[in-house]
Amino acid sequence: MISLENRTVKFGGIKALDGVSFSVGAGERVAVVGSNGAGKTTLLKELAKSGGSSRVAVLPQDIPPDLPLEAREYVMLGRTRFLSPWKRPSQEDEAAVTRAMESIGALDLAGRRMDEISGGERQRLALAMALASEAEILIMDEPVSHLDLRRKHEFYALMEKMPVTIVASLHELPPPVFTRAVLMSEGRIVADGPLADALSESNLVLAQLALPIDSYTPVGV
């Protein structure tokens, strides 16, 4: 559905990606795990550019805190490809935004300004915007980085119900809502497979992550 073939990306003299080949099939939920500088964000950016005919939505790590928009207006940005510059959003557009906000429990934020809500709330609304776009593939860069434990539980529970292909980078080991893990180190993929296999203790050591898999309690979903 979406893939990279022997992709290398350099910034200056440093290889952010080093000959990476990677593909994601329809319906997969893939966690990309690695330490800072491992190449996770670069991998996601390259995947987003390689979407081809697929509809891809990207959920950034940080949502600007000073957006002069109400929450519903922000989520409507996800409908941009459907909108005409000379017409108001259609009933279908409005319904899609309502469904997206309702699905993440954010209808109560509809009239709130983006610069008056928390980082976690902005992150949830970014997810609603992606859902409103009716994307086939959702690419997320550390989507739970601003969420407290309760919101993480809720986010992963929502993610499990999404009828889309998901690729997400994480700064922590993934919960079992993910069907597959990709472990990165120094711009390379060092393990790829089901969570328990890819995130074995030996692979984590290889990737210079001192987090044994048996010491991690997955976020319940």
Considering only DSSP beta bridges where both residues belong to the chain, give the percentage that are antiparallel (nearest 5). 40 percent
List the lysines whose Cα sits under 20 Å from the Cα of residue 10, skipping any in the same chain fewer than 8 residues away. 40, 45, 49
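Using DSSP to define loop residues, name the chymotrypsin sites (Phe, Trp or Tyr not before Pro) in segment 72-166 whose beta-carbon has at most 10 other beta-carbon atoms within 10 Å. Don't skip to the answer; put the middle values down first.
On the way: sites: 74, 82, 86, 155, 156; in loops: 86.
Sites meeting the loop and neighbour criteria: 86.
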What's the center-to-center distance, using Cα atoms, between segment 93-142 and segment 1-22 in Å? 31 Å
Exposure-ranked with fewest Cβ neighbours within 10 Å first, 153, 171 stand as 171, 153
Of (i) 1.15; (ii) 1.04; (iii) 1.00, which one was derived for Cα Rg over 2.2 N^0.38 Å from the structure shown? (ii)
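Trypsin sites (Lys or Arg not before Pro) within segment 59-92: which are DSSP loop residues with at most 15 other Cβ atoms inside 10 Å?
Numbers: sites: 72, 79, 81, 87; in loops: 87.
Loop-located and lightly packed - 87.
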0 to 90° range, to nearest 10: angle between helix 149-161 axis and the chain longest Cα axis: 80 degrees
Compute the acute angle (0 to 90°) between the alpha-carbon long axis of helix 40-49 and the principal axis of greatest extent of the alpha-carbon atoms of the chain; round to the nearest 10°. 60 degrees
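All of the numbers you see were taken from the coordinates with simple rules; none came from a lab. Since we're looking at a predicted model, the values are computed, not measured. Reconstructed Cβ throughout: ideal geometry from the backbone, glycine too, with neighbour counts over all protein chains shown.
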